[in-house]
Structures are given as C-alpha cells and as structure tokens.
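Remarks on the structure that follows.
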Amino acid sequence: MPTVSVKRDLLFEALGQKYTDEEFDELCFEFGLELDEITSEKDIISREQGDEKAEGASDVVLYKIDVPANRYDLLCLEGLVRGLQVFKEKLEAPRYKRVSPADGGEPQRLVITDETASVRPHAVAAVLRNITFTQERYESFIELQEKLHQNICRKRTLVAIGTHDLDTISGPFTYTAKPPGDIRFKPLNQSKEYTATELMSLYKTDGHLRHYLHIIENEPLYPIIYDSNGIVLSMPPVINGDHSKISLNTKNIFIECTATDLTKVNRFTVILILLLFCNNTIYTLQFKRLESVRFFIFFKEMNTFSERMTETLSGDFINKRVGINESAESIAQLLTRMCLRSEVSGEGDLIQVEIPPTRADVIHACDIMEDAAIAYGFNNIFRSTPRTYIYIYIYIYIHASIEKTKRSILKFKNPYQFIKTKIIDICSEEDIADKLRKNIAETRAVHISNPKTAEFQVARTCLLPGLLKTLAANRKMPLPLKLFEISDVVLKDETKDVGARNNRRLCAVYYNKSPGFEVIHGLLDRVMQLLDVKPGRNQGYHIQAAEDSTFFPGRCAEIFSCGKSIGHLGVLHPDVISRFELTMPCSAIDIDIEPFL
C-alpha cells in the first residue's frame, strides 16, 4: 500500500481539530486507513544513516499513513483532509463541474501531430487557475505528481505529467515528435541550452532522471511540446523546460500529460491533480488531431464517464451483504460520508449513487457496498452465524497421503504456538536474491516476462522472504513472533515439459530479543517426530555444521534425511535482517518436505 507522509500539526490545522495519536489512529481505522508510523525527519535519517547525519534535521512530527493502493484521491494532504472532513460530516461531499474560462475567452488548445503516434501517441491537458501556493502546498503539489508517477503512471512509462506556469507561455500548444538532434532548449534548473542527444548523456549520471531515459532513448523521434512562440515546455517523459517552471508565485498552471495508455491518462492523472487542488472547478482545453481535423473536449469525455458512473442499487442489497439492517435513507447518508453523493430515488428502497471522477476505484456495486460497510464501522456489525451453510471443498492435494502428511506437520502449531501464514507466490528478484545475500543466477528462479511492478518479478524459490516481510509488517506486535508456512515454491527444471516444477517446503521463523536457535532446533525435532522420522545418519535425520550466506557464520546447520540434504536452519545474518527492515535477531528453518509426501 502507498504511504503518505504528512506533518502532524499541518494536518490537524487543515482538519480544524487536534487529536491525540490514539484518537487519530482510531479515526484512520474508521475511515479504512492505517496510521503506520509516528516519526520525524530526524528519526528517519538517524535510523537509516546514523545520528551524525541526522544533526540539524527537522524534529517536526510526521504521520505515515497507509492508503489503499486504488485510492489515488488520498495520496496527498489535501485529498486526505477532504476525505476525512467529508467522512466526519464537517464538509459537504464535493461535486465537480466543467466551466469555461472566467474571462469568457476561448479555451486553450493543444494540437497533436501525426509524428507522436510512433513514440507516445496520446496527450491531454488542462488549466488550473487562481492558485495560491504556500511552501507546504507547493511541496504537496510536487509530491502528488511524483506519487502518481511511481504508482499508476508506472514510473512514467504509461503517463508522464508536466506542470508549467501559464503566465510565462502562450497557446495554442503543439505536441509533436522530432529527431533528437533537432531539439534544443534549456532544461529545468540548468544554466544553458542542450540538444536532446546531449541531455541523454548529461542525465545518465543523474540519480533521479536516469531511470526514465530508456523510455525514449532508442526512439528515432523524441516527443516535445512547444507553445505558440516556439518555447519548449517539456520533453516528456524526461524533463521540463526551465522557462515555464512553476514557483511559489505561480497563479495559473498549465498541466500536460503524455501517455501510451489513454485510459489511465483520461481517468486519473489530470483529473486527480485538478480535483485535489482546485475549488471544485475544472477549466477545459480543446484538442485537435491534424490528420482528422476533429475537435474534441477532453472533459466532455469525462462528463460522459461520470454519467456512466451513476449506480442504482437497493438498500436490501447492501443490508444483506454487509450484515446490517439500515433504512435506505441511512445507507445513503453512509455513502455520502465516503464522498459518494447518494439519495433515495423514491422507488422503494432504491438508492441513486453519484460517483465522482476522483473515485476511480469504484467500478462495481460491490465497491459501493464496501464503502457503506466502512462508513457503518466494521466493529459495529453484529457477529452472527450464517443462516445458510456453504461447504467449499478445496482440493489442494491429489493424493490422500499428501494431505495426511500436511496434517501431521501442522500439529506443531499448537504446542509451539507458531502462527500459520499464507504468502503470495510471486515476489521481486531482490527478495529472493540480494536481500538473502545470494546471486539471482543461482536461485533457479522462474521469471515473469512482462512484470507490471518491481514487486512481482519472479515466482518465489523459497518461503523465507515472505515470512520476513510478514515479520516486518508486524514488528510492533508483542515478542516473540513465531511464524511458519507450508507451501509450494517454483524451481527451474529442464527435465520437465514446462521447464519448471513445484517443490513443497516448510519454513518457520522465530523473532525475539535473543536468536532462539534452540527453539528452531526443537521445532525440527518435533516435525520429524510427527513424520515418524527418527534421529540417525542412515535411515533417520541429522544435522551438521554448514555455511550459507543467508545465515550467520558458525550459526548454520544443514539438515539431512536418509543421507540427502533437505534444508538448513540457523540464525539469520544481520545483513539479511536489516534488509528486511527488522531490528531483532531471528532464527529460521527451511526444509524440503517432498521426500515425506
């Protein structure tokens, strides 16, 4: 889930009320959010880089709030405050409308030429007027763009956002593509002009911009946006021009977005920036493609979208599925608190729900039902036994012997008080390699050919990373933490017709102030006892000292059964612990249970 960092005092000022940490944590929970951490810039630097680096850093209290991944409207202070204020019924749910320029003039125009079709074919734009920036609001505006770039824009590969001081440029604007040698301008925060070719070389060593060069680097034409005077606004998705950069004194903003995915740029990017920072008013632009000589107004399309996003559902539908018994009027009020303006239509208990363009996460009646449950309060829903029992048979194992073996192993859960987990089967390359101090080439990992995010690049080759990430997410819980998982991993195997095979493994971790090697060792003995495997070097099991880069030197043992190696146990290396954002010692066991199935 994305994490939004906000200054506590600034947040309370915007909310118009002060809360204790416990009260605000409760408010976040009621709204479906989670107050993940209370910290400060100084604490963060001290924890990551040491006390010396933290000297002089700010002591201002920061709230780190976990936001659902599909709630793009809550990714900045302004959106968060608006959502909480509406939820607390201190602010009316906003209704957005499209208006013409205040001076009665023609809307600005963005002309898209044919040349862009081969590199970034889509572009939309908008004008945001009468803005008053404070330092905090300016920083929030820039931070929101960056969060959108990293999330829905997929690190600018799908969408790139550019913002410009409208009073320094003049329309109509032209979006075209040219050979890199023909493009020359002064980029943002530079003192002289460069050609596009020179910029590619300049930014190869830039810690931030070098990550975006590959998007257009090998293209014969680079996208470029000019104003009517030939001034370069931006070379998306890499860099803006210095001439039109925004500042604290900016009053009117021209926002342009170029994209390879029209759906995302239409539904989310420009809309979100406008809706979060304007006073419920959107200024529109006209767009023209030269080849078709066709005009279309972007936000007219959004009006059509908004009209489609009006849902009618019954109060009985929500009552039955949530498990409550509220009137249609009460449910409409609950939904309005979630920024979904609702009213009873007058026909029975039907509720008309208006979904604003900010709520791109609402695509089905079930999403509306979920919001009603959040507003009602999950803790307020009465627990009852379902009237209808549904028996779902999940056939995980083909052979009865496999099921019997698993049941035997699971018996260790109760006496040893280990908690069973189930982790997603896909992870990042870093999780199974770098974080475990291993080489990715040696892991026999099956790679996903076109991963959507860096978090899901390979099928996991071991269960340990998932358990360590679970520990990190629950490190505030009382110690010790004891977790285990019995599940499959995927390994390359050229002898199989598909080139890979599943391998069932057991992994458990013990996390406490002391390593607890004896706990993990005792766990191994108990598991083997349940599997009817006796200690011994020939027909039984035994351990012997070994070295593994994941474990601390001298605190690792290899596990053998019937003379064959089936896994390792030991105390994890401090580097592994720190890379998973843990602070206490941790012991682990990872064994192959295929031989016992």
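The values are calculated or read from the model by the stated rules, or taken from the named source; none is laboratory data. All of these numbers come straight from a predicted model, not from anything done at the bench. Don't worry about glycine lacking a Cβ; one is built from the backbone with ideal geometry, like all the others, and counts go over all protein chains shown. The area values use the complete protein model at the heavy-atom level, side chains included, leaving out ligands, DNA and RNA. Shrake-Rupley method; radii C 1.70, N 1.55, O 1.52, S 1.80 Å.
Which pairs, out of Lys320/Lys452; Lys420/Lys476; Lys64/Lys469; Lys438/Lys492, put more than 26 Å between their alpha-carbon atoms?
Working: Lys320/Lys452 36 Å; Lys420/Lys476 18 Å; Lys64/Lys469 18 Å; Lys438/Lys492 17 Å.
Check vs 26 Å cut-off fails for Lys320/Lys452.
With only Lys, Arg, Asp and Glu charged, each at its Cβ (+1 for the first two, -1 for the last two), find how big the charge dipole of the range 396-596 is about the Cα centre; round to the nearest 20 debye.
Its charge dipole is roughly 700 debye.
At 222 nm, what helix-only mean residue ellipticity would the chain give, in deg cm²/dmol to the nearest 500, using -39500 (n - 2.57) for each DSSP H run of four or more?
Working: 18 runs with 162 residues, N = 597.
Taking each H run of at least 4 residues, the total per residue is -7500 deg cm²/dmol.
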Practice task
Using only Cα positions of the chain, each an equal point scatterer, no hydration layer, compute I(q)/I(0) via Debye at q = 0.07, 0.13 Å⁻¹ and quote the log10 values to two decimals.
Solution key: -0.58, -1.39
Practice task
Would you give the gap between the C-alpha center of the range 421-437 and the C-alpha center of the range 50-96, rounded to a whole Å?
Solution key: 30
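Rounded to a whole number, what is D in µm²/s for the range 3-88 from Stokes-Einstein with the Kirkwood radius over alpha-carbon pairs (10 °C, 1.306 mPa s)? Can you show the working numbers first?
Details: Rh = 13.6 Å.
Answer from the Stokes-Einstein relation: 117 µm²/s.
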Completion exercise
The size of the Cβ-based charge dipole (Lys, Arg +1; Asp, Glu -1) of the chain about the Cα centre, to the nearest 20 debye, is 1340
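Once you sort the root eigenvalues of the Cα gyration tensor of the range 457-535 as a ≥ b ≥ c, which label holds: rounded (a/c under 1.5), prolate (a/b larger than b/c) or oblate (the other case)?
Working: a/c = 3.50, a/b = 1.39, b/c = 2.52.
Because a/c hits 1.5 or more and a/b fails to exceed b/c, the range 457-535 counts as oblate.
Mind jotting down a quarter of the surface of the convex hull over the alpha carbons of the range 118-162, in square nanometres, one decimal? Mind dumping the intermediate values first?
Numbers: hull surface 15.0 nm².
With every direction weighted equally, the projected area is 3.8 nm².
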Problem - Rounded to whole Hz, the Karplus (6.51, -1.76, 1.60) HN-Hα couplings of the range 10-18, x for glycine and proline - result: 5, 5, 5, 5, 5, 6, x, 7, 9
Fill in the blank from the handout: In the range 1-52, taking the dipole from +1 charges on Lys and Arg beta carbons and -1 charges on Asp and Glu beta carbons about the Cα centre, the listed residue (Phe12, Phe31, Pro2) farthest towards the positive end is Phe12
Exercise for the section: Arrange the peptides 364-373, 237-246, 485-494 so that the one whose residues have, on average, the most other Cβ atoms within 10 Å appears first. Expected result: 237-246, 364-373, 485-494
Problem - Long-range HN-HN contacts of Ile419 with modeled amide H, under 5 Å - result: Lys482, Leu483, Phe484
Practice task
Show the residues, 5+ positions off or on another chain, whose built amide H is closer than 5 Å to the amide H of Ile559.
Solution key: Ile566, Gly567, His568, Leu569
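Can you pull out the GluC sites (Glu not before Pro) in the range 1-68 that DSSP calls coil and that have at most 10 other Cβ atoms within 10 Å?
Counting only loop positions with at most 10 other Cβ atoms within 10 Å, the GluC sites (Glu not before Pro) in the range 1-68 are Glu55.
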Exercise for the section: Run down the lysines and flag those whose C-alpha is under 28 Å from the C-alpha of Lys178, throwing out any fewer than 8 positions away in its chain. Expected result: Lys155, Lys186, Lys192, Lys204, Lys245, Lys264, Lys288
Exercise for the section: On a C-alpha basis, how far is the centre of the range 10-46 from the centre of the range 472-493 in Å? Whole number, if you could? Expected result: 29
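Pick out, in residue order, every one of the trypsin sites (Lys or Arg not before Pro) in the range 171-220 that is DSSP loop and has at most 10 other C-beta atoms within 10 Å; say none if there are none.
Working: sites: Arg184, Lys192, Lys204, Arg210; in loops: Lys192.
Those that pass, being in a loop and sparsely packed, are Lys192.
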Handout entry: aspartates and glutamates whose Cα lies under 19 Å from that of Lys513, excluding same-chain neighbours fewer than 8 positions away
Key = Asp575, Glu581
Completion exercise
Once the dipole of the range 313-380 is set up from charges on Cβ (+1 Lys and Arg, -1 Asp and Glu), the residue from the list Asn325, Leu313, Phe378 lying farthest towards its positive end is Phe378
Problem - Positive-end residue, the range 396-596 charge dipole about Cα centroid, Cβ charges, pick of Gly563, Phe484, Ile419 - result: Ile419
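What's the carbon and sulfur percent of the range 396-596's accessible surface, probe 1.4 angstrom, rounded to a whole number?
51
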